[in-house]
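Q: So that we are looking at the same thing, I have put the structure below in structure tokens.
The values are calculated or read from the model by the stated rules, or taken from the named source; none is laboratory data. Keep in mind that what you see is a predicted model, and the values were worked out from it rather than measured. Here the Cβ positions follow ideal geometry from the backbone for every residue, glycine too, while neighbour counts run over all protein chains shown. Heads up: the accessible areas ignore ligands, DNA and RNA and are worked out on the full protein's heavy atoms, side chains in. Shrake-Rupley method; radii C 1.70, N 1.55, O 1.52, S 1.80 Å.
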Amino acid sequence: GTNGETLESVVGRLLRERGLTLSVAESCTGGLVAHQLTNVSGSSAYLAGAIVAYSNQAKINLLEVDGEVLAQEGAVSEAVVLQMAQGARKLFGADVGLASTGIAGPTGGTPEKPVGTVWIAYADDRGARAVLLRLVKDRQRNKELTTHGALELLRRQLLRRESVDV
């Protein structure tokens with residue numbers, strides 16, 4: 001943003017200009033994306049809801065993530081984060097879904113998916129997009145970087161859409 005404008009206020013303005021609602025499904029960020037969004041006064045006009053689906057069972061039961069995909073790909077995967085974003089849209093009846101899943105650390109990493117491996121995703125009626133992030137070994141920093149990355153993905157995707165006459 002410029003002139004003191006924050007990333008979360010920019011995405012809020014873009015959502016309002018485009019007449020869109022947003023829902024968020026978070027895992028590794030533990031609600032930080034929703035926290036940032038709700039720091040903006042008036043965010044209730046576009047934020048339909050948010051959920052922290054930390055366990056695999058919550059992802060399955062609340063976001064309708066396919067259990068077989070979870071078992072095969074793991075919670076930290078492109079397939080799962082895309083399903084989380086779509087599931088959030090459906091759960092809250094929103095136009096746009098935003099999701100995050102990852103290994104924040106300092107434990108939990110594997111050679112294939114080390115600490116700092118994060119997937120973020122955006123979904124709307126036109127399709128979905130996921131992005132892989134390779135971050136650091138610091139838990140708090142990973143939560144902050146993932147939140148920033150998710151909001152930046154949202155901003156970029158919203159810029160591709162036309163504004164509506166409000």
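Q: Can you send over the carbon and sulfur percentage of the accessible area for the chain, probe radius 1.4 Å, protein chains only?
A: Working: 3880 of 8090 Å².
Roughly 48 percent, rounded to a whole number.
Q: Tell me, which longest segment in the chain has none of the trypsin sites (Lys or Arg not before Pro) that fall in DSSP loops with at most 12 further Cβ atoms within 10 Å?
A: 1-125
Q: Taking the chain as the reference, fit the longest principal axis to its C-alpha atoms, fit the long axis of helix 7-18 to the helix C-alpha atoms, and give the angle between the two in degrees, 0 to 90, nearest 10.
A: 60
Q: Exactly which GluC sites (Glu not before Pro) in region 98-166 are in a DSSP loop and have at most 10 other Cβ atoms within 10 Å?
A: The qualifying sites are Glu112, Glu162.
Q: Give the angle, between 0 and 90 degrees and rounded to the nearest 10, that separates the Cα long axis of helix 78-92 from the longest principal axis of the Cα atoms of the chain.
A: In the chain, helix 78-92 runs at an angle near 50 degrees to the longest axis.
Q: Ordered by residue, what ³J(HN,Hα) values in Hz, to whole numbers, does region 24-40 give under the Karplus form 6.51 cos²θ - 1.76 cosθ + 1.60, where θ = phi - 60° and Gly and Pro are x?
A: 10, 10, 10, 10, 5, 8, x, x, 5, 4, 4, 4, 4, 4, 7, 6, 8
Q: Hey, what's region 1-159 come to in accessible area per residue, 1.4 Å probe, Å²?
A: 46
Q: Place a point 7 Å from Cα of Asp66 in the direction of its Cβ. Which residues in region 75-109 have their backbone N less than 17 Å from it?
A: 75-88
Q: Turning to a different aspect of this structure: Per DSSP H run of at least 4 residues, take -39500 (n - 2.57); add these up for the chain, divide by its residues and hand me the 222 nm value, nearest 500 deg cm²/dmol.
A: Dividing the helical sum by the residues of the chain leaves -13000 deg cm²/dmol.
Q: Collect residues whose amide H, placed 1.01 Å from N in the peptide plane, falls under 5 Å from the amide H of Leu135; neighbours closer than 5 in sequence don't count.
A: So Leu135 has HN proximity to Thr117, Val118.
Q: If you don't mind, another one. GluC sites (Glu not before Pro) within region 5-107: which are DSSP loop residues with at most 16 other Cβ atoms inside 10 Å?
A: Within region 5-107, the qualifying GluC sites (Glu not before Pro) (loop, at most 16 other Cβ atoms within 10 Å) are Glu5, Glu64.
Q: Hey, got a sec? Which chymotrypsin sites (Phe, Trp or Tyr not before Pro) in region 86-135 land in a DSSP loop and have at most 11 other Cβ atoms within 10 Å?
A: Sites meeting the loop and neighbour criteria: none at all.
Q: Can you give the extra length, in nm with one decimal, that the chain gains between Asn56 and Asn3 once fully stretched, where that is 0.36 nm per residue apart less the Cα-Cα distance?
A: Going from the current span to full extension adds 15.0 nm.
Q: Further, regarding this structure: Please report, for the Cα atoms of region 7-54, the Rg to one decimal and the Dmax as a whole number; what are they, in angstrom?
A: Using the Cα atoms of region 7-54, the pair Rg, Dmax is 10.4, 32 Å.
Q: Same structure, new question: About the Cα centre, and with charges only on the beta carbon of Lys, Arg (+1) and Asp, Glu (-1), how big is the dipole of region 87-166? Nearest 20 debye, please.
A: 260
Q: Report the local net charge at Gln83: Lys and Arg +1, Asp and Glu -1, summed over other residues whose C-beta lies under 15 Å from its C-beta.
A: With Lys, Arg at +1 and Asp, Glu at -1, the net is -3.
Q: Once both axes come from the Cα atoms, what is the angle between helix 139-159 and the longest principal axis of the chain, in degrees from 0 to 90, rounded to 10?
A: Its long axis makes an angle of about 40 degrees.
Q: Excluding same-chain pairs closer than 8 in sequence, count the lysine pairs in the chain whose Cα atoms lie under 24 Å apart.
A: Lysine pairs satisfying the spacing and distance rule in the chain number 5.
Q: In nm, to one decimal, how far is the modelled label at Arg16 from the one at Arg129, with both set 7 Å along Cα→Cβ?
A: If labels sit at Arg16 and Arg129, their model points lie 2.4 nm apart.
Q: Here's a follow-up. Sequence-distant or interchain residues sharing an amide H contact under 5 Å with Leu47, placed H: which?
A: Leu22
Q: Taking +1 at the Cβ of each Lys and Arg and -1 at the Cβ of each Asp and Glu, which of Tyr46, Leu62, Gly149 sits farthest along the dipole of the chain towards its positive end, judged by Cα position relative to the Cα centre?
A: Gly149
Q: For the chain, what is the per residue volume of the convex hull drawn over the alpha-carbon atoms, in cubic angstrom?
A: Taking the convex hull of the Cα positions in the chain, it is 106 Å³ per residue.
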